[in-house]
1. I'm trying to understand the selection: among the residues of the range 144-175, which are in a loop (DSSP other than H, G, I, E, B), buried (at least 17 other Cβ atoms within 10 Å of the Cβ) and within 15 Å of the chain's Cα centre (by Cα)?
2. Taking the range 68-106 on its own, how many of its residues are of a type in the set (S, T, Y), farther than 12 Å from L152 by Cβ and not in a helix (DSSP H, G or I)?
3. Determine if the range 96-104 includes at least one residue that is at pLDDT below 90 and farther than 20 Å from P170 by Cβ.
4. Any chance you could count how many residues in the range 31-61 are closer than 14 Å to F169 by Cβ and more than 16 Å from the chain's Cα centre (by Cα)?
5. Filter the range 46-67 for residues that are within 12 Å of T155 (Cα to Cα) and among the aliphatic types (A, V, I, L, M) and give the result.
6. Restricting to the range 52-108, what's the tally of residues that are of a type in the set (F, W, Y) and over 16 Å from S194 (Cβ atoms)?
7. Would you mind telling me which numbered condition in (1) of a type outside the set (S, T, Y); (2) part of a strand (DSSP E or B); (3) over 16 Å from S171 (Cα atoms) I64 fails?
8. Return the residues of the range 18-47 that are of a type in the set (K, R) and over 18 Å from G196 (Cβ atoms); say none if nothing qualifies.
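The values are calculated or read from the model by the stated rules, or taken from the named source; none is laboratory data. Keep in mind that what you see is a predicted model, and the values were worked out from it rather than measured. Cβ coordinates were reconstructed from backbone atoms using ideal geometry, including for glycine residues, and neighbour counts include every protein chain displayed.
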Amino acid sequence: MQLRPLFAFAACFSLQAQIIDFESGGLHYKTLTKGGLTVMFANLPAHIREYSIVQVAISNGSPIAWTVKPEDFSYRRQDGTVDQASPALTVVNSLIAKASRHDVIKLVSTYEAGVYGNAHLKTNNGYEVRRQNALAETGRLKAAAAASAIALVSTKLNSGDSTDGAVFFPSSGKPIGPGTLVVHTGGETFEFPSDGEPIPVK
């Protein structure tokens, strides 16, 4: 799978490093290209245990291979405090220990609605590949397999590669408010003003 349509469009604006906003599948996405690397994100309405969740996709259009990982992401709140994203293994272990079946179903359905509802989000090394691997190994998505498939993991992106995943921010069960998503990757710093966690529609 590929992120060609949107990332090709975003690349046109890479010289100005302009943030592009768009709506898809009920989510508000922002994307930015720097140095050939494109980062796209949307806050997810689901709140699982003590985590707020951000859906991200990264595409490497540069000639250099880069490694992306959850620890590249942080969230700077309006009061100046900074939340560091949790490593994938920490999230998986936490969900194994604490997540209910309802939590897992909510996590999977929310993430898949974002992935499959966004025509621009087509990666060749992301959730769909990890989901197939999880299904092949376990026969069905259990807590560990679901979290492992959805969470963004440390991934080496060669030129032309792309990936997607969920980044988890510890928030003590409270929604993330307005602030700035900061991403340090590809030798660049990406900053996205954010309204915070969307309120789920009931």
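1. Taking the range 144-175 first, the residues in a loop (DSSP other than H, G, I, E, B) are 152-154, 158-161, 171-175.
Within this subset, residues satisfying the condition of being buried (at least 17 other Cβ atoms within 10 Å of the Cβ) are 152-153, 161, 171.
Within the range 144-175, L152, V153 qualify.
2. Residues of the range 68-106 of a type in the set (S, T, Y): 74-75, 81, 86, 90, 94, 100.
Now restrict to residues that are farther than 12 Å from L152 by Cβ: 74-75, 81, 90, 94, 100.
Right, trim to not in a helix (DSSP H, G or I) and you get 74-75, 81, 100.
The total comes to 4.
3. The first filter runs over the range 96-104 and keeps only residues at pLDDT below 90, leaving 96-104.
After this cut, where a residue has to be farther than 20 Å from P170 by Cβ as well, the list is 101-102.
Within the range 96-104 (the criterion being at pLDDT below 90 and farther than 20 Å from P170 by Cβ), the answer is yes, since at least one residue qualifies.
4. The total comes to 2.
5. At the first step, the residues of the range 46-67 found to be within 12 Å of T155 (Cα to Cα) are 57-60, 65-67.
Within the range 46-67, A57, I58, A65 meet the criteria.
6. Our first condition is that a residue be of a type in the set (F, W, Y); within the range 52-108, this holds for 66, 73, 75.
Then drop every residue that is not over 16 Å from S194 (Cβ atoms), which leaves 66.
Total meeting the criteria: 1.
7. Going through the list (1) of a type outside the set (S, T, Y); (2) part of a strand (DSSP E or B); (3) over 16 Å from S171 (Cα atoms), I64 breaks only (2).
8. Applying the first criterion (of a type in the set (K, R)) to the range 18-47 yields 30, 34.
Answer for the range 18-47, where residues must be of a type in the set (K, R) and over 18 Å from G196 (Cβ atoms): just K34.
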